[in-house]
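Undergrad: Before I ask anything, here is the structure I am working with.
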Amino acid sequence: MKPQGIAVLGATGSIGVNTLDVVARHPDQYQIIALTAHRQIDRLFEQACRFHPLYVVVADAVSANALQGRLREQGLSTEVLHGAAALERVAALPEVDVVMAAIVGAAGLPSAMAAARAGKKILLANKESLVVAGRLFMEAVRQHGATLLPVDSEHSAIFQSLPHGYAGNLDASGISKIILTASGGPFRQHSAEALLHVTPEDACRHPNWVMGRKISVDSASLMNKGLEVIEAHWLFSAPPERIDVVVHPQSVIHSMVQYRDGSVMAQLGSPDMRTPIACALAWPERIEAGVAALDFFSMGSLTFEQPDFDRFPCLGLAFASLQSGGDAPAVLNAANEVAVAAFLEGRLRFVDIARLVEATLERVSLAPSHSLEALLARDEEARCFATQWVGSC
Ligand code: NAD
Ligand code: MG
(Lines give C-alpha, C1' and ligand atoms only; values in the text may rest on other atoms or scores of the structure.)
(Ligands and ions follow the chains in the order given, each with its own letter.)
Protein backbone atom coordinates (compact mmCIF):
# COMPACT_ATOMS: atom_id res chain seq x y z
CA MET A 1 0.00 0.00 0.00
CA LYS A 2 1.13 3.58 -0.71
CA PRO A 3 2.63 5.19 2.42
CA GLN A 4 0.55 7.93 4.07
CA GLY A 5 1.93 11.44 3.56
CA ILE A 6 2.52 13.34 6.79
CA ALA A 7 3.05 17.00 7.63
CA VAL A 8 4.51 17.58 11.09
CA LEU A 9 3.74 21.15 12.20
CA GLY A 10 6.07 21.97 15.09
CA ALA A 11 8.52 19.20 14.15
CA THR A 12 11.35 20.45 16.36
CA GLY A 13 9.31 20.48 19.58
CA SER A 14 8.81 17.74 22.11
CA ILE A 15 5.75 16.28 20.33
CA GLY A 16 7.32 16.77 16.89
CA VAL A 17 10.47 14.88 17.84
CA ASN A 18 8.45 12.05 19.39
CA THR A 19 6.29 11.88 16.25
CA LEU A 20 9.34 11.49 14.04
CA ASP A 21 10.65 8.80 16.37
CA VAL A 22 7.44 6.78 15.84
CA VAL A 23 7.32 7.48 12.09
CA ALA A 24 10.96 6.35 11.67
CA ARG A 25 9.98 2.92 13.01
CA HIS A 26 7.54 2.42 10.11
CA PRO A 27 9.20 3.69 6.92
CA ASP A 28 6.92 1.56 4.70
CA GLN A 29 3.75 3.05 6.17
CA TYR A 30 4.53 6.75 6.48
CA GLN A 31 6.32 9.33 4.38
CA ILE A 32 7.22 12.78 5.67
CA ILE A 33 5.99 15.42 3.21
CA ALA A 34 6.50 18.59 5.28
CA LEU A 35 8.25 19.64 8.49
CA THR A 36 7.93 23.04 10.16
CA ALA A 37 9.85 24.87 12.88
CA HIS A 38 9.94 28.34 14.30
CA ARG A 39 13.51 29.01 15.40
CA GLN A 40 15.39 25.73 15.86
CA ILE A 41 16.80 25.70 12.37
CA ASP A 42 19.70 23.34 13.06
CA ARG A 43 17.39 20.68 14.39
CA LEU A 44 15.07 21.15 11.41
CA PHE A 45 18.06 20.82 9.07
CA GLU A 46 19.01 17.49 10.68
CA GLN A 47 15.41 16.27 10.44
CA ALA A 48 15.22 17.27 6.77
CA CYS A 49 18.47 15.40 6.03
CA ARG A 50 17.02 12.31 7.65
CA PHE A 51 13.42 12.35 6.31
CA HIS A 52 13.80 14.15 2.93
CA PRO A 53 10.53 16.12 3.05
CA LEU A 54 9.21 17.93 -0.04
CA TYR A 55 8.82 21.12 2.03
CA VAL A 56 10.09 22.66 5.23
CA VAL A 57 8.75 25.86 6.76
CA VAL A 58 10.59 28.33 8.99
CA ALA A 59 9.57 31.69 10.49
CA ASP A 60 11.40 34.22 8.30
CA ALA A 61 13.01 34.79 4.90
CA VAL A 62 16.58 35.13 6.21
CA SER A 63 16.56 31.73 7.93
CA ALA A 64 14.74 30.25 4.93
CA ASN A 65 17.49 31.39 2.52
CA ALA A 66 20.26 30.10 4.74
CA LEU A 67 18.54 26.75 5.22
CA GLN A 68 17.79 26.40 1.50
CA GLY A 69 21.52 26.79 0.79
CA ARG A 70 22.51 24.17 3.37
CA LEU A 71 19.96 21.67 2.04
CA ARG A 72 21.14 22.17 -1.56
CA GLU A 73 24.71 21.46 -0.44
CA GLN A 74 23.43 18.12 0.82
CA GLY A 75 21.91 17.42 -2.60
CA LEU A 76 18.35 17.68 -1.25
CA SER A 77 15.55 19.13 -3.37
CA THR A 78 13.45 20.11 -0.34
CA GLU A 79 11.79 23.48 -0.88
CA VAL A 80 12.09 25.92 2.03
CA LEU A 81 9.07 28.16 2.68
CA HIS A 82 8.60 30.77 5.39
CA GLY A 83 5.92 32.59 7.35
CA ALA A 84 2.54 31.79 8.85
CA ALA A 85 0.77 31.44 5.47
CA ALA A 86 3.22 28.69 4.50
CA LEU A 87 2.14 26.68 7.56
CA GLU A 88 -1.43 26.76 6.28
CA ARG A 89 -0.25 25.86 2.79
CA VAL A 90 1.64 22.72 3.82
CA ALA A 91 -1.25 21.64 6.07
CA ALA A 92 -3.50 21.55 2.99
CA LEU A 93 -1.12 20.01 0.39
CA PRO A 94 -2.68 17.28 -1.75
CA GLU A 95 0.27 14.95 -0.96
CA VAL A 96 -0.51 15.26 2.77
CA ASP A 97 -2.96 12.73 4.24
CA VAL A 98 -2.15 13.28 7.90
CA VAL A 99 -1.34 16.52 9.75
CA MET A 100 0.33 16.39 13.15
CA ALA A 101 -0.68 19.73 14.71
CA ALA A 102 2.09 20.20 17.30
CA ILE A 103 2.82 23.92 17.27
CA VAL A 104 2.55 25.42 20.74
CA GLY A 105 -0.08 28.05 21.56
CA ALA A 106 -2.71 29.89 19.55
CA ALA A 107 -0.05 30.28 16.83
CA GLY A 108 -0.99 26.71 15.88
CA LEU A 109 -4.65 27.51 15.25
CA PRO A 110 -4.67 28.81 11.64
CA SER A 111 -2.69 25.83 10.30
CA ALA A 112 -4.77 23.31 12.27
CA MET A 113 -7.86 25.02 10.86
CA ALA A 114 -6.41 24.83 7.35
CA ALA A 115 -5.93 21.07 7.83
CA ALA A 116 -9.58 20.77 8.95
CA ARG A 117 -10.83 22.77 5.96
CA ALA A 118 -8.77 20.56 3.64
CA GLY A 119 -10.45 17.47 5.13
CA LYS A 120 -7.23 15.95 6.47
CA LYS A 121 -6.72 13.40 9.19
CA ILE A 122 -5.61 15.67 12.05
CA LEU A 123 -3.57 14.39 14.96
CA LEU A 124 -4.24 17.16 17.46
CA ALA A 125 -1.59 17.95 20.06
CA ASN A 126 -2.19 21.71 19.88
CA LYS A 127 -4.97 21.85 22.47
CA GLU A 128 -5.00 25.66 22.23
CA SER A 129 -6.79 25.33 18.84
CA LEU A 130 -9.81 23.86 20.60
CA VAL A 131 -9.57 26.22 23.57
CA VAL A 132 -9.54 29.30 21.36
CA ALA A 133 -11.87 28.22 18.57
CA GLY A 134 -13.59 25.01 19.71
CA ARG A 135 -16.92 25.66 18.02
CA LEU A 136 -15.46 26.85 14.69
CA PHE A 137 -12.85 24.14 14.64
CA MET A 138 -15.33 21.31 15.28
CA GLU A 139 -17.68 22.78 12.66
CA ALA A 140 -14.84 22.88 10.10
CA VAL A 141 -13.96 19.24 10.89
CA ARG A 142 -17.56 18.17 10.34
CA GLN A 143 -18.20 20.32 7.26
CA HIS A 144 -15.08 19.23 5.42
CA GLY A 145 -15.09 15.58 6.44
CA ALA A 146 -11.81 15.81 8.35
CA THR A 147 -10.90 13.17 10.93
CA LEU A 148 -9.86 14.47 14.33
CA LEU A 149 -7.78 12.25 16.61
CA PRO A 150 -6.53 13.45 20.00
CA VAL A 151 -2.85 13.25 20.88
CA ASP A 152 -3.03 14.79 24.34
CA SER A 153 -2.50 11.73 26.55
CA GLU A 154 -5.66 12.29 28.61
CA HIS A 155 -7.87 12.72 25.56
CA SER A 156 -6.29 9.75 23.86
CA ALA A 157 -7.11 7.76 27.00
CA ILE A 158 -10.73 8.96 26.96
CA PHE A 159 -11.01 8.29 23.23
CA GLN A 160 -9.80 4.73 23.82
CA SER A 161 -12.17 4.26 26.80
CA LEU A 162 -15.29 5.46 24.98
CA PRO A 163 -17.54 2.98 23.19
CA HIS A 164 -16.41 2.33 19.62
CA GLY A 165 -18.08 4.80 17.25
CA TYR A 166 -19.06 7.20 20.07
CA ALA A 167 -21.22 9.80 18.35
CA GLY A 168 -20.95 12.72 20.78
CA ASN A 169 -23.87 11.95 23.11
CA LEU A 170 -22.88 10.99 26.65
CA ASP A 171 -26.38 9.93 27.68
CA ALA A 172 -27.02 7.81 24.61
CA SER A 173 -23.79 5.94 25.36
CA GLY A 174 -24.60 5.44 29.05
CA ILE A 175 -21.77 7.68 30.20
CA SER A 176 -22.06 9.60 33.45
CA LYS A 177 -18.65 11.30 33.68
CA ILE A 178 -15.41 11.99 31.88
CA ILE A 179 -12.59 11.81 34.43
CA LEU A 180 -9.37 13.62 33.54
CA THR A 181 -6.35 12.62 35.55
CA ALA A 182 -3.68 15.18 36.46
CA SER A 183 -0.20 14.51 37.83
CA GLY A 184 -0.50 17.61 40.02
CA GLY A 185 2.78 18.90 38.58
CA PRO A 186 6.00 19.76 40.41
CA PHE A 187 4.26 22.00 42.98
CA ARG A 188 1.58 19.55 44.08
CA GLN A 189 2.82 19.60 47.65
CA HIS A 190 4.00 23.22 47.82
CA SER A 191 2.34 25.51 50.35
CA ALA A 192 0.76 28.78 49.14
CA GLU A 193 3.76 30.54 50.71
CA ALA A 194 6.28 28.36 48.85
CA LEU A 195 4.52 29.09 45.53
CA LEU A 196 5.46 32.76 45.93
CA HIS A 197 9.13 31.92 45.35
CA VAL A 198 9.20 29.22 42.63
CA THR A 199 11.38 29.80 39.55
CA PRO A 200 10.91 28.88 35.86
CA GLU A 201 13.46 26.08 36.33
CA ASP A 202 11.41 24.65 39.23
CA ALA A 203 8.26 24.85 37.10
CA CYS A 204 9.84 23.09 34.11
CA ARG A 205 11.06 20.16 36.23
CA HIS A 206 7.99 17.97 35.76
CA PRO A 207 7.96 14.79 37.86
CA ASN A 208 6.76 12.42 35.08
CA TRP A 209 6.86 14.05 31.63
CA VAL A 210 9.50 15.82 29.53
CA MET A 211 7.71 18.55 27.58
CA GLY A 212 8.10 22.00 26.04
CA ARG A 213 8.50 24.90 28.49
CA LYS A 214 5.07 26.45 27.98
CA ILE A 215 3.10 23.28 28.69
CA SER A 216 5.45 22.52 31.60
CA VAL A 217 4.52 25.81 33.28
CA ASP A 218 0.84 25.14 32.47
CA SER A 219 1.18 21.75 34.16
CA ALA A 220 2.69 23.39 37.24
CA SER A 221 -0.17 25.93 37.50
CA LEU A 222 -2.86 23.32 36.59
CA MET A 223 -3.83 25.64 33.72
CA ASN A 224 -2.89 22.71 31.49
CA LYS A 225 -5.64 20.66 33.13
CA GLY A 226 -8.02 23.59 32.72
CA LEU A 227 -7.20 23.81 29.01
CA GLU A 228 -7.73 20.04 28.82
CA VAL A 229 -11.18 20.34 30.40
CA ILE A 230 -12.10 22.75 27.58
CA GLU A 231 -10.48 20.45 25.03
CA ALA A 232 -12.49 17.48 26.37
CA HIS A 233 -15.67 19.54 26.21
CA TRP A 234 -15.26 20.08 22.47
CA LEU A 235 -13.84 16.68 21.56
CA PHE A 236 -16.44 14.62 23.40
CA SER A 237 -19.44 17.00 23.63
CA ALA A 238 -19.23 16.92 27.43
CA PRO A 239 -20.68 19.79 29.50
CA PRO A 240 -18.34 21.10 32.23
CA GLU A 241 -20.39 19.56 35.06
CA ARG A 242 -19.81 16.11 33.54
CA ILE A 243 -16.01 16.52 33.54
CA ASP A 244 -14.10 15.74 36.76
CA VAL A 245 -10.42 16.26 37.50
CA VAL A 246 -8.62 13.74 39.72
CA VAL A 247 -5.00 14.23 40.78
CA HIS A 248 -3.08 11.00 40.22
CA PRO A 249 0.61 11.71 40.85
CA GLN A 250 2.00 8.56 39.21
CA SER A 251 0.59 9.37 35.70
CA VAL A 252 -0.09 5.70 34.98
CA ILE A 253 -3.84 6.04 34.43
CA HIS A 254 -4.07 8.63 31.69
CA SER A 255 -7.82 9.30 32.10
CA MET A 256 -11.13 7.47 32.48
CA VAL A 257 -14.75 7.23 31.41
CA GLN A 258 -17.35 6.43 34.04
CA TYR A 259 -20.50 4.66 32.88
CA ARG A 260 -24.01 4.78 34.29
CA ASP A 261 -23.83 1.16 35.48
CA GLY A 262 -20.81 1.82 37.72
CA SER A 263 -18.11 0.66 35.30
CA VAL A 264 -15.05 2.86 34.90
CA MET A 265 -12.96 2.35 31.77
CA ALA A 266 -9.37 3.57 32.04
CA GLN A 267 -6.32 3.58 29.79
CA LEU A 268 -2.97 2.87 31.40
CA GLY A 269 0.57 3.17 30.11
CA SER A 270 4.04 4.50 30.77
CA PRO A 271 4.16 8.30 30.66
CA ASP A 272 5.57 8.44 27.13
CA MET A 273 3.89 10.57 24.44
CA ARG A 274 4.86 8.07 21.75
CA THR A 275 1.92 5.92 22.89
CA PRO A 276 -0.85 8.47 22.16
CA ILE A 277 1.02 9.62 19.04
CA ALA A 278 1.22 6.06 17.67
CA CYS A 279 -2.38 5.41 18.69
CA ALA A 280 -3.63 8.41 16.69
CA LEU A 281 -1.30 7.76 13.76
CA ALA A 282 -2.36 4.15 13.20
CA TRP A 283 -5.94 4.20 14.54
CA PRO A 284 -7.81 1.82 14.49
CA GLU A 285 -4.70 -0.35 14.10
CA ARG A 286 -1.91 -0.57 16.66
CA ILE A 287 1.75 -0.09 15.82
CA GLU A 288 5.05 -0.43 17.67
CA ALA A 289 5.92 2.88 19.36
CA GLY A 290 9.21 2.09 21.12
CA VAL A 291 7.52 2.40 24.51
CA ALA A 292 8.47 0.08 27.38
CA ALA A 293 5.62 -2.13 28.60
CA LEU A 294 4.13 -1.20 31.96
CA ASP A 295 5.82 -3.12 34.75
CA PHE A 296 3.08 -3.67 37.34
CA PHE A 297 5.42 -5.18 39.89
CA SER A 298 7.84 -2.25 40.06
CA MET A 299 5.15 0.41 39.77
CA GLY A 300 4.24 0.81 43.44
CA SER A 301 0.82 2.10 44.44
CA LEU A 302 -1.52 4.28 42.45
CA THR A 303 -2.95 7.15 44.47
CA PHE A 304 -5.66 9.77 43.93
CA GLU A 305 -6.35 13.22 45.39
CA GLN A 306 -8.76 16.11 44.96
CA PRO A 307 -7.30 19.05 43.04
CA ASP A 308 -6.71 22.14 45.20
CA PHE A 309 -8.57 25.02 43.53
CA ASP A 310 -7.25 27.52 46.11
CA ARG A 311 -3.54 26.99 45.55
CA PHE A 312 -4.08 26.48 41.80
CA PRO A 313 -6.73 29.06 40.79
CA CYS A 314 -6.05 28.60 37.05
CA LEU A 315 -8.07 25.38 37.08
CA GLY A 316 -11.14 27.16 38.43
CA LEU A 317 -10.67 30.03 35.97
CA ALA A 318 -10.69 27.58 33.07
CA PHE A 319 -13.85 25.84 34.31
CA ALA A 320 -15.51 29.24 34.79
CA SER A 321 -14.54 30.43 31.31
CA LEU A 322 -15.99 27.26 29.78
CA GLN A 323 -19.18 27.81 31.75
CA SER A 324 -19.49 31.44 30.69
CA GLY A 325 -18.83 30.50 27.05
CA GLY A 326 -18.45 33.04 24.24
CA ASP A 327 -14.87 34.19 23.82
CA ALA A 328 -13.96 33.59 27.48
CA PRO A 329 -11.77 30.51 26.77
CA ALA A 330 -9.95 32.40 23.97
CA VAL A 331 -9.30 35.35 26.31
CA LEU A 332 -8.18 32.98 29.09
CA ASN A 333 -5.75 31.30 26.70
CA ALA A 334 -4.28 34.54 25.32
CA ALA A 335 -3.74 35.99 28.80
CA ASN A 336 -2.17 32.73 29.94
CA GLU A 337 0.24 32.68 26.99
CA VAL A 338 1.40 36.22 27.81
CA ALA A 339 1.65 35.38 31.53
CA VAL A 340 3.63 32.18 30.98
CA ALA A 341 6.07 33.89 28.59
CA ALA A 342 6.58 36.71 31.14
CA PHE A 343 7.09 34.18 33.95
CA LEU A 344 9.65 32.24 31.86
CA GLU A 345 11.49 35.51 31.20
CA GLY A 346 11.56 36.36 34.92
CA ARG A 347 9.18 39.33 34.57
CA LEU A 348 6.25 37.85 36.50
CA ARG A 349 5.91 35.69 39.62
CA PHE A 350 4.33 32.26 39.25
CA VAL A 351 1.36 33.25 41.42
CA ASP A 352 0.70 36.26 39.19
CA ILE A 353 -0.16 34.03 36.22
CA ALA A 354 -3.66 33.40 37.64
CA ARG A 355 -4.04 37.07 38.71
CA LEU A 356 -3.23 38.23 35.19
CA VAL A 357 -5.63 35.75 33.60
CA GLU A 358 -8.41 36.79 35.97
CA ALA A 359 -7.79 40.51 35.36
CA THR A 360 -7.87 39.98 31.58
CA LEU A 361 -11.14 38.02 31.79
CA GLU A 362 -12.63 40.93 33.74
CA ARG A 363 -11.51 43.62 31.32
CA VAL A 364 -11.75 42.20 27.78
CA SER A 365 -15.12 41.62 26.11
CA LEU A 366 -16.15 37.95 26.16
CA ALA A 367 -18.96 38.29 23.60
CA PRO A 368 -18.82 35.41 21.10
CA SER A 369 -16.90 35.88 17.84
CA HIS A 370 -18.32 34.12 14.80
CA SER A 371 -15.30 33.90 12.52
CA LEU A 372 -11.68 32.91 12.85
CA GLU A 373 -10.61 36.46 12.01
CA ALA A 374 -12.80 37.92 14.79
CA LEU A 375 -11.45 35.36 17.26
CA LEU A 376 -7.86 36.16 16.35
CA ALA A 377 -8.66 39.87 16.84
CA ARG A 378 -10.05 39.05 20.31
CA ASP A 379 -6.91 37.02 21.02
CA GLU A 380 -4.83 40.08 20.08
CA GLU A 381 -6.95 42.41 22.23
CA ALA A 382 -6.48 40.11 25.24
CA ARG A 383 -2.72 39.91 24.59
CA CYS A 384 -2.46 43.72 24.46
CA PHE A 385 -4.28 44.09 27.78
CA ALA A 386 -2.20 41.32 29.40
CA THR A 387 1.08 42.76 28.09
CA GLN A 388 0.24 46.17 29.56
CA TRP A 389 -0.69 44.52 32.86
CA VAL A 390 2.71 42.81 32.99
CA GLY A 391 4.39 46.12 32.21
CA SER A 392 2.60 47.87 35.05
CA CYS A 393 3.15 45.30 37.81
P1 NAD B 1 7.55 22.73 22.17
O2 NAD B 1 7.76 24.09 22.70
O3 NAD B 1 8.50 21.66 22.57
O4 NAD B 1 7.51 22.77 20.57
C5 NAD B 1 6.73 23.70 19.89
C6 NAD B 1 6.92 23.61 18.39
O7 NAD B 1 6.16 24.66 17.79
C8 NAD B 1 8.38 23.80 17.92
O9 NAD B 1 8.61 23.02 16.77
C10 NAD B 1 8.42 25.28 17.55
O11 NAD B 1 9.40 25.55 16.56
C12 NAD B 1 7.03 25.51 17.01
N13 NAD B 1 6.56 26.89 17.20
C14 NAD B 1 6.60 27.62 18.34
N15 NAD B 1 6.07 28.83 18.14
C16 NAD B 1 5.68 28.88 16.84
C17 NAD B 1 5.07 29.88 16.03
N18 NAD B 1 4.76 31.08 16.51
N19 NAD B 1 4.85 29.57 14.74
C20 NAD B 1 5.16 28.38 14.24
N21 NAD B 1 5.73 27.39 14.95
C22 NAD B 1 5.99 27.64 16.24
O23 NAD B 1 6.05 22.31 22.55
P24 NAD B 1 5.47 20.85 22.83
O25 NAD B 1 5.67 20.50 24.25
O26 NAD B 1 5.90 19.90 21.77
O27 NAD B 1 3.90 21.13 22.66
C28 NAD B 1 3.31 21.31 21.41
C29 NAD B 1 1.79 21.27 21.57
O30 NAD B 1 1.41 19.97 22.02
C31 NAD B 1 1.26 22.25 22.63
O32 NAD B 1 0.02 22.74 22.21
C33 NAD B 1 1.09 21.38 23.86
O34 NAD B 1 0.08 21.85 24.73
C35 NAD B 1 0.69 20.05 23.22
N36 NAD B 1 1.01 18.88 24.05
C37 NAD B 1 2.30 18.61 24.36
C38 NAD B 1 2.60 17.51 25.16
C39 NAD B 1 4.03 17.14 25.49
O40 NAD B 1 4.26 16.11 26.11
N41 NAD B 1 5.03 17.92 25.10
C42 NAD B 1 1.56 16.70 25.64
C43 NAD B 1 0.25 17.01 25.29
C44 NAD B 1 -0.02 18.10 24.49
MG1 MG C 1 -2.22 16.22 28.61
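The values are calculated or read from the model by the stated rules, or taken from the named source; none is laboratory data. Please read these numbers as outputs of a predicted model, since none were measured by experiment. Quick reminder, even Gly has a Cβ in these numbers, built from the backbone with ideal geometry, and neighbours come from all protein chains shown. Each accessible area value is taken on the protein alone, full model and side chains, heavy atoms only, with ligands, DNA and RNA left out. Shrake-Rupley method; radii C 1.70, N 1.55, O 1.52, S 1.80 Å.
Undergrad: Inside region 149-160, can you point out the residues that are among the aliphatic types (A, V, I, L, M) and crowded, with 24+ Cβ neighbours inside 10 Å?
TA: Val151, Ala157, Ile158
Undergrad: Checking the conditions here, which among Val96, Val104, Val80 is in contact (Cβ under 8 Å) with a residue 40 or more places away in the chain, surrounded by 17 or more Cβ atoms within 10 Å (Cβ to Cβ) and more than 16 Å from ligand 2 (Cβ to nearest atom)?
TA: Val96
Undergrad: Only one of (1) in contact with a Gly (Cβ under 7 Å, 6 or more places away or on another chain); (2) part of a helix (DSSP H, G or I); (3) surrounded by fewer than 22 Cβ atoms within 10 Å (Cβ to Cβ) fails for Pro368. Which number is that?
TA: Only one criterion in (1) in contact with a Gly (Cβ under 7 Å, 6 or more places away or on another chain); (2) part of a helix (DSSP H, G or I); (3) surrounded by fewer than 22 Cβ atoms within 10 Å (Cβ to Cβ) is unmet by Pro368, namely (2).
Undergrad: Sort out which residues of region 195-216 are basic (Lys, Arg) and within 11 Å of ligand 1 (Cβ to nearest atom), and write them in order of number.
TA: Scanning region 195-216 gives Arg213, Lys214.
Undergrad: Using beta carbons and a limit of 7 Å, which pairs, at least six apart or on different chains, have the first residue in region 207-229 and at positive phi and the second one among the acidic types (Asp, Glu) and more than 10 Å from ligand 1 (Cβ to nearest atom)?
TA: Within 7 Å, no pair qualifies.
Undergrad: Does region 233-248 include one or more residues that are at pLDDT 95 or above, within 12 Å of ligand 1 (Cβ to nearest atom) and open to solvent by less than 20 Å² (accessible area, probe 1.4 Å)?
TA: no
Undergrad: Being crowded, with 17+ Cβ neighbours inside 10 Å and either more than 19 Å from Val104 (Cα to Cα) or among the β-branched types (Val, Ile, Thr) (or both) is the requirement here; does Ala167 meet it?
TA: Details: crowded, with 17+ Cβ neighbours inside 10 Å: no; either more than 19 Å from Val104 (Cα to Cα) or among the β-branched types (Val, Ile, Thr) (or both): yes.
So Ala167 does not fit the description; no.
Undergrad: Ok, one more. Output the residues belonging to region 34-53 that are open to solvent by 50 Å² or more (accessible area, probe 1.4 Å) and either more than 18 Å from Val17 (Cα to Cα) or among the polar types (S, T, N, Q) (or both).
TA: Passing the criteria: only Gln40.
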